[in-house]
1. Largest first and in whole Å, give the semi-axes of region 183-223's equivalent ellipsoid, each being the square root of 5 times a Cα gyration tensor eigenvalue.
2. Using a Förster distance of 22 Å, how high is the FRET efficiency between HIS27 and THR98, based on the Cβ-Cβ distance and rounded to 0.05?
3. Show me the GluC sites (Glu not before Pro) within region 263-362 that DSSP assigns to loop and that have at most 14 other Cβ atoms within 10 Å of their Cβ.
4. Obtain the nm distance between the two label points defined at MET335 and VAL302 by a simple spin-label model: each point lies 7 Å from its Cα along the Cα-to-C-beta direction.
5. Using θ = phi - 60° and the Karplus form 6.51 cos²θ - 1.76 cosθ + 1.60, what ³J(HN,Hα) does each residue of region 82-99 get, whole Hz, x for Gly and Pro?
6. With a 1.4 Å probe and all protein chains left in place, how much of the accessible area of the chain comes from carbon and sulfur atoms, in whole percent?
7. Can you give the FRET efficiency for VAL107 and ASP294, using 1/(1 + (r/R0)^6), R0 = 30 Å, r = Cβ-Cβ distance, to the nearest 0.05?
8. Using the Karplus curve 6.51 cos²θ - 1.76 cosθ + 1.60 with θ = phi - 60°, work out ³J(HN,Hα) for each residue of region 299-311 in order, rounded to whole Hz, and write x for Gly and Pro.
Amino acid sequence: MSRCLISQVEVQDFIERCMISVGTKPHHAHSLAEVLVEGDHRGHYSHGLNRMDMYVKDIQTGICEKYGEPLVEKESAATALVDGKNLLGPVVGNFCMTLAIKKAKEVGIGWVVAHGSNHYGIAGYYAMQALKENMIGMTFTNTSPLVVPTRGKECTLGTNPLSVAAPAMNGDSFVLDMATSAVAIGKVELYDRRGDPIPEGWGCDAKGQLTTDPSRVLNGGGLVPVGGSEATGGYKGYGLGMMVEVLCGILAGAQYSKHIRTWKETGRVANLGQCFVAINPENFAPGFSDRMSDLLSIQRGVHSANPDIPVLVAGDPERMHMKKCEEMGGIPYHMNVVNYMNQCAQKIGVSPLLPCDKLISN
(Lines give C-alpha, C1' and ligand atoms only; values in the text may rest on other atoms or scores of the structure.)
Protein backbone atom coordinates (compact mmCIF):
# COMPACT_ATOMS: atom_id res chain seq x y z
CA MET A 1 0.00 0.00 0.00
CA SER A 2 2.15 2.86 -1.24
CA ARG A 3 -0.50 5.32 -2.45
CA CYS A 4 -3.51 7.06 -0.96
CA LEU A 5 -6.49 8.91 -2.40
CA ILE A 6 -7.07 12.52 -1.39
CA SER A 7 -9.82 14.78 -2.72
CA GLN A 8 -8.95 17.95 -4.64
CA VAL A 9 -10.72 20.04 -2.00
CA GLU A 10 -8.63 18.53 0.81
CA VAL A 11 -5.33 19.09 -1.01
CA GLN A 12 -6.29 22.64 -2.00
CA ASP A 13 -7.30 23.50 1.57
CA PHE A 14 -4.08 21.97 2.96
CA ILE A 15 -1.81 23.96 0.60
CA GLU A 16 -3.72 27.19 1.32
CA ARG A 17 -3.40 26.71 5.08
CA CYS A 18 0.34 25.97 4.80
CA MET A 19 0.95 29.08 2.70
CA ILE A 20 -1.20 31.34 4.92
CA SER A 21 0.64 30.07 8.02
CA VAL A 22 3.91 31.53 6.70
CA GLY A 23 2.29 34.89 5.93
CA THR A 24 0.94 34.53 2.38
CA LYS A 25 -2.16 36.61 1.63
CA PRO A 26 -5.23 34.29 1.46
CA HIS A 27 -6.09 35.07 -2.17
CA HIS A 28 -2.44 34.55 -3.19
CA ALA A 29 -2.41 31.23 -1.34
CA HIS A 30 -5.63 30.26 -3.15
CA SER A 31 -4.08 31.05 -6.56
CA LEU A 32 -1.05 28.91 -5.80
CA ALA A 33 -3.04 26.00 -4.35
CA GLU A 34 -5.34 25.94 -7.37
CA VAL A 35 -2.55 25.61 -9.95
CA LEU A 36 -0.67 22.98 -7.90
CA VAL A 37 -3.78 20.82 -7.46
CA GLU A 38 -4.59 21.20 -11.17
CA GLY A 39 -1.09 19.95 -11.94
CA ASP A 40 -1.68 16.78 -9.90
CA HIS A 41 -5.22 16.34 -11.24
CA ARG A 42 -3.83 16.41 -14.78
CA GLY A 43 -1.11 13.90 -13.88
CA HIS A 44 1.85 16.30 -13.77
CA TYR A 45 2.93 15.32 -10.27
CA SER A 46 6.31 17.01 -10.61
CA HIS A 47 4.49 20.38 -10.62
CA GLY A 48 1.90 19.86 -7.89
CA LEU A 49 1.80 19.17 -4.15
CA ASN A 50 5.32 17.80 -4.59
CA ARG A 51 6.56 21.40 -5.00
CA MET A 52 4.70 22.98 -2.08
CA ASP A 53 7.71 23.04 0.25
CA MET A 54 9.64 25.11 -2.33
CA TYR A 55 6.95 27.83 -2.29
CA VAL A 56 6.73 27.73 1.53
CA LYS A 57 10.49 28.22 1.72
CA ASP A 58 10.39 31.09 -0.81
CA ILE A 59 7.88 32.97 1.39
CA GLN A 60 9.61 32.07 4.68
CA THR A 61 13.01 33.31 3.54
CA GLY A 62 11.52 36.48 2.04
CA ILE A 63 13.11 35.70 -1.34
CA CYS A 64 9.56 35.89 -2.74
CA GLU A 65 7.25 38.82 -1.81
CA LYS A 66 4.09 38.22 0.23
CA TYR A 67 2.62 41.70 -0.13
CA GLY A 68 1.50 43.79 -3.09
CA GLU A 69 0.00 43.05 -6.50
CA PRO A 70 1.42 42.93 -10.04
CA LEU A 71 1.68 46.31 -11.77
CA VAL A 72 1.11 47.29 -15.41
CA GLU A 73 4.16 49.38 -16.36
CA LYS A 74 3.34 50.02 -20.01
CA GLU A 75 0.40 49.12 -22.26
CA SER A 76 -1.32 49.60 -25.60
CA ALA A 77 -4.70 48.29 -26.79
CA ALA A 78 -3.24 44.82 -27.44
CA THR A 79 -0.07 44.68 -25.34
CA ALA A 80 1.21 45.14 -21.81
CA LEU A 81 4.43 44.97 -19.83
CA VAL A 82 3.85 43.86 -16.25
CA ASP A 83 6.09 44.06 -13.18
CA GLY A 84 5.35 40.90 -11.19
CA LYS A 85 6.77 42.58 -8.06
CA ASN A 86 8.56 39.30 -7.17
CA LEU A 87 5.22 37.78 -6.11
CA LEU A 88 4.29 34.10 -6.33
CA GLY A 89 4.30 32.95 -9.97
CA PRO A 90 0.61 31.98 -10.09
CA VAL A 91 -0.39 35.44 -8.79
CA VAL A 92 1.55 37.03 -11.66
CA GLY A 93 0.34 34.41 -14.16
CA ASN A 94 -3.35 34.88 -13.37
CA PHE A 95 -3.04 38.67 -13.49
CA CYS A 96 -1.32 38.59 -16.90
CA MET A 97 -3.57 35.99 -18.51
CA THR A 98 -6.71 37.80 -17.32
CA LEU A 99 -5.33 41.01 -18.87
CA ALA A 100 -4.44 39.24 -22.15
CA ILE A 101 -7.97 37.80 -22.42
CA LYS A 102 -9.52 41.21 -21.67
CA LYS A 103 -7.48 42.78 -24.48
CA ALA A 104 -8.32 39.93 -26.89
CA LYS A 105 -12.03 40.52 -26.25
CA GLU A 106 -11.57 44.18 -27.12
CA VAL A 107 -9.15 44.08 -30.07
CA GLY A 108 -8.78 40.41 -31.06
CA ILE A 109 -5.42 39.73 -29.42
CA GLY A 110 -3.74 40.31 -26.08
CA TRP A 111 0.02 39.93 -25.64
CA VAL A 112 1.33 40.44 -22.11
CA VAL A 113 4.86 39.90 -20.82
CA ALA A 114 6.06 40.04 -17.22
CA HIS A 115 9.37 40.43 -15.44
CA GLY A 116 9.89 39.99 -11.70
CA SER A 117 7.99 36.69 -11.63
CA ASN A 118 8.61 33.28 -10.07
CA HIS A 119 7.92 29.62 -10.82
CA TYR A 120 4.25 29.46 -11.90
CA GLY A 121 3.41 25.73 -11.95
CA ILE A 122 2.14 24.02 -15.10
CA ALA A 123 2.11 26.31 -18.13
CA GLY A 124 -1.10 24.73 -19.44
CA TYR A 125 -3.06 26.15 -16.51
CA TYR A 126 -2.76 29.67 -17.97
CA ALA A 127 -3.21 28.78 -21.64
CA MET A 128 -6.39 26.88 -20.75
CA GLN A 129 -7.94 29.98 -19.16
CA ALA A 130 -8.50 31.28 -22.70
CA LEU A 131 -10.53 28.16 -23.59
CA LYS A 132 -13.28 29.31 -21.22
CA GLU A 133 -13.71 32.36 -23.49
CA ASN A 134 -13.50 30.25 -26.68
CA MET A 135 -10.09 31.71 -27.43
CA ILE A 136 -6.63 30.38 -28.20
CA GLY A 137 -4.28 30.72 -25.24
CA MET A 138 -0.49 30.60 -25.21
CA THR A 139 2.06 30.96 -22.46
CA PHE A 140 5.83 30.66 -22.14
CA THR A 141 8.28 30.98 -19.23
CA ASN A 142 12.02 30.88 -18.81
CA THR A 143 13.55 28.92 -15.93
CA SER A 144 16.85 28.30 -14.19
CA PRO A 145 19.59 27.09 -16.58
CA LEU A 146 19.41 23.28 -16.72
CA VAL A 147 19.82 22.62 -20.45
CA VAL A 148 23.06 22.31 -22.41
CA PRO A 149 22.84 23.80 -25.93
CA THR A 150 23.63 21.57 -28.92
CA ARG A 151 27.44 21.07 -29.18
CA GLY A 152 27.94 22.67 -25.74
CA LYS A 153 28.94 21.42 -22.30
CA GLU A 154 27.51 24.14 -20.03
CA CYS A 155 23.89 24.81 -18.99
CA THR A 156 22.81 28.10 -20.57
CA LEU A 157 19.04 27.63 -21.04
CA GLY A 158 16.14 26.59 -18.86
CA THR A 159 13.63 23.82 -19.56
CA ASN A 160 11.69 26.82 -20.95
CA PRO A 161 8.18 25.33 -21.26
CA LEU A 162 5.46 26.47 -23.60
CA SER A 163 1.75 25.81 -23.79
CA VAL A 164 -0.80 26.36 -26.55
CA ALA A 165 -4.50 25.66 -25.97
CA ALA A 166 -7.13 25.83 -28.74
CA PRO A 167 -10.90 25.25 -28.36
CA ALA A 168 -12.86 22.70 -30.39
CA MET A 169 -16.58 21.82 -30.31
CA ASN A 170 -18.45 20.46 -27.26
CA GLY A 171 -15.74 21.30 -24.74
CA ASP A 172 -13.02 19.40 -26.62
CA SER A 173 -9.64 21.08 -27.06
CA PHE A 174 -6.01 20.84 -28.06
CA VAL A 175 -3.73 21.51 -25.07
CA LEU A 176 -0.01 21.32 -25.72
CA ASP A 177 2.01 21.72 -22.53
CA MET A 178 5.68 20.84 -22.92
CA ALA A 179 9.20 21.65 -21.86
CA THR A 180 11.71 22.40 -24.61
CA SER A 181 14.17 20.06 -22.89
CA ALA A 182 13.98 16.33 -23.61
CA VAL A 183 12.70 15.69 -20.07
CA ALA A 184 12.10 17.45 -16.75
CA ILE A 185 14.96 17.51 -14.23
CA GLY A 186 12.66 15.79 -11.71
CA LYS A 187 12.54 12.64 -13.82
CA VAL A 188 16.34 12.40 -13.87
CA GLU A 189 16.36 12.84 -10.06
CA LEU A 190 13.80 10.05 -9.74
CA TYR A 191 15.93 7.61 -11.78
CA ASP A 192 18.99 8.61 -9.75
CA ARG A 193 17.19 7.87 -6.45
CA ARG A 194 16.13 4.47 -7.78
CA GLY A 195 19.62 3.72 -9.09
CA ASP A 196 18.30 3.15 -12.62
CA PRO A 197 19.94 4.26 -15.88
CA ILE A 198 18.11 6.97 -17.84
CA PRO A 199 17.17 6.52 -21.51
CA GLU A 200 19.78 7.87 -23.94
CA GLY A 201 18.86 11.33 -25.18
CA TRP A 202 17.74 12.76 -21.82
CA GLY A 203 20.97 14.29 -20.60
CA CYS A 204 24.72 14.71 -20.96
CA ASP A 205 27.78 14.63 -18.71
CA ALA A 206 30.19 17.47 -17.85
CA LYS A 207 31.96 16.97 -21.21
CA GLY A 208 28.72 17.42 -23.16
CA GLN A 209 28.54 13.72 -24.09
CA LEU A 210 25.18 11.91 -23.93
CA THR A 211 25.00 9.63 -20.91
CA THR A 212 22.60 7.12 -19.37
CA ASP A 213 24.03 7.75 -15.86
CA PRO A 214 21.63 10.13 -14.04
CA SER A 215 24.27 11.14 -11.47
CA ARG A 216 26.52 12.46 -14.27
CA VAL A 217 23.66 14.59 -15.57
CA LEU A 218 22.95 15.97 -12.08
CA ASN A 219 26.59 16.55 -11.14
CA GLY A 220 28.26 18.80 -13.69
CA GLY A 221 26.22 17.75 -16.72
CA GLY A 222 22.78 18.87 -17.81
CA LEU A 223 19.60 18.10 -19.69
CA VAL A 224 19.62 18.12 -23.48
CA PRO A 225 17.03 19.86 -25.68
CA VAL A 226 14.00 18.07 -27.19
CA GLY A 227 15.38 15.83 -29.92
CA GLY A 228 18.47 14.76 -27.98
CA SER A 229 21.74 14.86 -29.91
CA GLU A 230 22.46 16.97 -32.98
CA ALA A 231 22.09 13.87 -35.19
CA THR A 232 18.53 13.26 -33.96
CA GLY A 233 17.37 16.88 -34.21
CA GLY A 234 18.33 18.26 -30.80
CA TYR A 235 19.22 21.60 -32.42
CA LYS A 236 15.48 22.08 -33.09
CA GLY A 237 14.68 21.76 -29.37
CA TYR A 238 17.60 24.11 -28.68
CA GLY A 239 16.03 26.61 -31.09
CA LEU A 240 12.64 26.30 -29.39
CA GLY A 241 14.24 26.90 -25.98
CA MET A 242 15.90 30.05 -27.36
CA MET A 243 12.56 31.17 -28.86
CA VAL A 244 10.94 30.96 -25.41
CA GLU A 245 13.83 32.97 -23.96
CA VAL A 246 13.35 35.69 -26.62
CA LEU A 247 9.63 35.98 -25.76
CA CYS A 248 10.24 35.94 -22.00
CA GLY A 249 13.53 37.11 -20.52
CA ILE A 250 14.56 39.28 -23.47
CA LEU A 251 11.18 40.84 -24.36
CA ALA A 252 10.20 41.45 -20.72
CA GLY A 253 13.59 42.72 -19.52
CA ALA A 254 13.83 39.93 -16.92
CA GLN A 255 16.82 37.72 -16.14
CA TYR A 256 17.69 35.30 -18.94
CA SER A 257 19.90 32.36 -19.86
CA LYS A 258 22.78 31.74 -17.43
CA HIS A 259 22.01 35.02 -15.60
CA ILE A 260 19.01 33.33 -13.91
CA ARG A 261 19.73 31.84 -10.49
CA THR A 262 20.55 28.14 -10.49
CA TRP A 263 17.89 25.54 -9.70
CA LYS A 264 16.99 25.42 -5.98
CA GLU A 265 19.23 28.43 -5.17
CA THR A 266 17.21 30.40 -2.63
CA GLY A 267 19.60 33.23 -1.84
CA ARG A 268 18.78 35.28 -4.93
CA VAL A 269 15.56 36.65 -6.44
CA ALA A 270 14.51 34.66 -9.55
CA ASN A 271 13.21 37.57 -11.69
CA LEU A 272 11.77 35.16 -14.28
CA GLY A 273 10.33 36.41 -17.56
CA GLN A 274 6.94 35.12 -18.72
CA CYS A 275 4.70 35.65 -21.74
CA PHE A 276 0.91 35.30 -21.98
CA VAL A 277 -1.13 35.48 -25.19
CA ALA A 278 -4.86 35.30 -25.96
CA ILE A 279 -6.20 35.24 -29.54
CA ASN A 280 -9.87 35.57 -30.45
CA PRO A 281 -10.62 33.29 -33.45
CA GLU A 282 -13.73 35.40 -34.15
CA ASN A 283 -11.36 38.01 -35.63
CA PHE A 284 -10.25 35.49 -38.25
CA ALA A 285 -11.92 32.92 -40.55
CA PRO A 286 -15.33 31.67 -39.32
CA GLY A 287 -15.77 28.05 -38.19
CA PHE A 288 -12.56 27.75 -36.14
CA SER A 289 -13.96 25.32 -33.55
CA ASP A 290 -15.52 23.09 -36.24
CA ARG A 291 -12.21 22.80 -38.06
CA MET A 292 -10.40 22.17 -34.76
CA SER A 293 -12.77 19.29 -34.00
CA ASP A 294 -12.13 17.84 -37.46
CA LEU A 295 -8.37 18.18 -37.01
CA LEU A 296 -8.53 16.34 -33.67
CA SER A 297 -10.78 13.63 -35.15
CA ILE A 298 -8.37 13.02 -38.04
CA GLN A 299 -5.47 12.35 -35.65
CA ARG A 300 -7.48 10.24 -33.20
CA GLY A 301 -8.95 8.26 -36.09
CA VAL A 302 -5.59 7.14 -37.47
CA HIS A 303 -5.04 3.36 -37.33
CA SER A 304 -2.53 2.86 -34.55
CA ALA A 305 0.60 0.78 -34.99
CA ASN A 306 -0.36 -1.05 -31.80
CA PRO A 307 -4.14 -1.73 -31.46
CA ASP A 308 -3.84 -1.51 -27.66
CA ILE A 309 -2.35 2.00 -27.77
CA PRO A 310 -4.55 4.52 -29.65
CA VAL A 311 -3.26 7.68 -31.31
CA LEU A 312 -3.84 10.64 -28.99
CA VAL A 313 -3.64 14.42 -29.33
CA ALA A 314 -2.07 16.88 -26.89
CA GLY A 315 -4.32 17.10 -23.82
CA ASP A 316 -5.74 13.56 -24.11
CA PRO A 317 -3.38 11.91 -21.57
CA GLU A 318 -4.32 14.60 -19.04
CA ARG A 319 -8.04 14.12 -19.73
CA MET A 320 -7.63 10.39 -19.15
CA HIS A 321 -5.88 11.00 -15.84
CA MET A 322 -8.61 13.41 -14.71
CA LYS A 323 -11.30 10.86 -15.63
CA LYS A 324 -9.45 8.22 -13.62
CA CYS A 325 -9.32 10.58 -10.61
CA GLU A 326 -13.08 11.18 -10.89
CA GLU A 327 -13.77 7.44 -11.01
CA MET A 328 -11.51 6.77 -8.01
CA GLY A 329 -12.97 9.65 -6.01
CA GLY A 330 -9.75 11.57 -5.52
CA ILE A 331 -6.17 12.13 -6.66
CA PRO A 332 -3.80 9.21 -5.98
CA TYR A 333 -0.62 10.35 -4.21
CA HIS A 334 2.48 8.39 -3.31
CA MET A 335 2.65 7.94 0.47
CA ASN A 336 6.22 9.27 0.56
CA VAL A 337 5.02 12.61 -0.86
CA VAL A 338 2.08 12.81 1.56
CA ASN A 339 4.25 11.95 4.57
CA TYR A 340 6.91 14.46 3.56
CA MET A 341 4.39 17.27 3.07
CA ASN A 342 2.73 16.46 6.40
CA GLN A 343 6.14 16.72 8.08
CA CYS A 344 6.64 20.13 6.42
CA ALA A 345 3.20 21.21 7.68
CA GLN A 346 3.96 20.10 11.25
CA LYS A 347 7.15 22.19 11.24
CA ILE A 348 5.10 25.33 10.52
CA GLY A 349 2.33 24.41 12.96
CA VAL A 350 -0.36 23.47 10.44
CA SER A 351 -3.18 21.14 11.46
CA PRO A 352 -5.13 19.09 10.37
CA LEU A 353 -2.73 17.30 8.06
CA LEU A 354 -3.41 15.54 4.75
CA PRO A 355 -5.56 12.44 5.37
CA CYS A 356 -3.90 9.05 4.72
CA ASP A 357 -6.89 6.79 5.40
CA LYS A 358 -7.87 5.91 1.79
CA LEU A 359 -5.05 3.57 0.85
CA ILE A 360 -4.89 2.01 -2.59
CA SER A 361 -2.58 -0.61 -4.05
CA ASN A 362 -0.49 0.22 -7.10
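1. Details: eigenvalues 40, 17, 16 Å².
Listed largest to smallest, the semi-axes of region 183-223 are 14, 9, 9 Å.
2. Details: r = 13 Å, r/R0 = 0.60.
My answer for the efficiency is 0.95.
3. Values: sites: GLU265, GLU282, GLU318, GLU326, GLU327; in loops: GLU265.
When the GluC sites (Glu not before Pro) of region 263-362 are filtered for loop state and at most 14 Cβ neighbours within 10 Å, GLU265 remain.
4. For MET335 paired with VAL302, the spin-label model returns 4.2 nm.
5. So the Karplus estimates, Gly and Pro as x, are 10, 8, x, 6, 6, 7, 3, x, x, 5, 5, x, 5, 4, 5, 5, 4, 5 Hz.
6. Numbers: 9330 of 16640 Å².
Result for the chain: 56 percent of the exposed heavy-atom area is carbon or sulfur.
7. Working: r = 28 Å, r/R0 = 0.94.
Efficiency computed from Cβ-Cβ geometry: 0.60.
8. With coefficients 6.51, -1.76 and 1.60, one gets 5, 5, x, 5, 5, 7, 5, 10, x, 7, 10, x, 6 Hz.
The values are calculated or read from the model by the stated rules, or taken from the named source; none is laboratory data. Note that the structure is a prediction, hence the values are computed from the model and not measured. FYI the Cβ positions are ideal-geometry reconstructions off the backbone, even for glycines, and counts take in every protein chain you see. Note: areas computed on protein heavy atoms with side chains; ligands, DNA, RNA excluded. Shrake-Rupley method; radii C 1.70, N 1.55, O 1.52, S 1.80 Å.
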